[in-house]
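Asks: The following block contains the structure, expressed as structure tokens.
The values are calculated or read from the model by the stated rules, or taken from the named source; none is laboratory data. The shown structure was predicted, so the numbers you read here are calculated from the model rather than taken from an experiment. Cβ placement follows ideal geometry from the backbone for every residue including glycine, while neighbour counts extend to all protein chains displayed. Remember, those area values only see protein heavy atoms, side chains included, never the ligands or the DNA or RNA. Shrake-Rupley method; radii C 1.70, N 1.55, O 1.52, S 1.80 Å.
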Amino acid sequence: THESTQLVMMHLEDFECDGLAVLDIGTGSGVLAVAADLLGAATVVAVDTDRVAAWEARATAARQSWHCRPLVVAGSVECLDLVRYDLVLCNMILTEFGPFLGRLPGMLAPGGSVVLSGLLDCERGTVETMLEECGMTTVDSRELRGWISLRAVVAETR
């Protein structure tokens, strides 16, 4: 029900998820991974450094009325560097995702997108600058009651 989660869901609804490989970083309860699975993603990987959160994400998937099949990993995003994703979801505060933001362009498949949420409007400029510094361009943003989300892609000049 949190605004940042709702913002990611709005972005997800804009994607044709059928056949996509989706990564949910900092999955928490797993609700975004479950949503991506429901929308037809071919592969859904959910990762969280908190083992309890990873356990909860597995439980959330198991409670669904369909065979919900995200791969839930208890660990850091670095353990997933070898796979390329069409869509990366990250609903975390800036201090949490900032340290690995530079890794995201290398994790995206050609034409892939990253959706960042959990941001306050006052952080927009900082995050957009950070994205530019790692070779990404913001292509969409959403706002809901003071919270924002950004969708970015790898810059074409890269």
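Asks: Can you give the alpha-carbon Rg of region 2-76 over 2.2 N^0.38 Å, where N counts its residues?
Replies: Against the compact-globule rule of thumb, the ratio is 1.00.
Asks: Counting heavy atoms of the protein chains only and a 1.4 Å probe, report the per residue accessible area for the chain as a whole number of Å².
Replies: Solvent-accessible surface per residue comes out at 49 Å².
Asks: Would you work out which of Ala54, Ala36, His2 lies farthest towards the positive end of the dipole of the chain, given +1 charges on the beta-carbon of Lys and Arg and -1 on that of Asp and Glu, about the Cα centre?
Replies: Value: Ala54.
Asks: Short version: ³J(HN,Hα) in whole Hz for each residue of region 110-119, in order, from phi by Karplus 6.51 cos²θ - 1.76 cosθ + 1.60 (θ = phi - 60°), x for Gly and Pro, what are they?
Replies: Result, ordered by residue: x, x, x, 10, 10, 10, 10, 9, x, 9 Hz.
Asks: Along the positive direction of the dipole of region 71-158 (beta-carbon charges: Lys, Arg +1; Asp, Glu -1; about the Cα centre), which of Leu119, Val88, Cys134 reaches farthest?
Replies: Val88
Asks: Next question. What part of the accessible area of the chain, given as a whole %, is carbon or sulfur when the probe is 1.4 angstrom?
Replies: 54 percent
Asks: For the ranges 13-25, 132-144, what's the packing order if you count other beta-carbon atoms within 10 Å of each residue, average per peptide, and put the highest first?
Replies: Ranked from most to least packed, the peptides come out as 13-25, 132-144.
Asks: Ordering Ile93, Ile148 by accessible area with a probe of 1.4 Å, largest first, what comes out?
Replies: Ile93, Ile148
Asks: A further question on this structure: Placing unit charges on C-beta atoms (Lys and Arg positive, Asp and Glu negative, everything else neutral), compute the dipole magnitude of region 1-117 about its Cα centre in debye, rounded to 20.
Replies: About 300 debye.
Asks: In whole angstrom, note down how far apart the Cα centers of region 25-82 and region 114-142 are.
Replies: After rounding, the separation between the Cα centres reads 23 Å.
Asks: Starting from the Kirkwood Rh over alpha-carbon pairs, what translational D in µm² s⁻¹ does the chain have by Stokes-Einstein at 4 °C and 1.567 mPa s?
Replies: 84 µm²/s
Asks: Also, I was wondering about something else. Which percentage, to the nearest 5, of the DSSP beta bridges contained in the chain is antiparallel? Provide the component values of the computation, followed by the final result.
Replies: Numbers: 14 of 33 bridges.
So the antiparallel bridges in the chain amount to around 40 percent.
Asks: While we're here: Mind checking the dipole of region 61-158: about its Cα centre, +1 per Lys or Arg Cβ, -1 per Asp or Glu Cβ, Debye to the nearest 20?
Replies: Taking the Cα centre of region 61-158 as origin, the dipole is about 440 debye.
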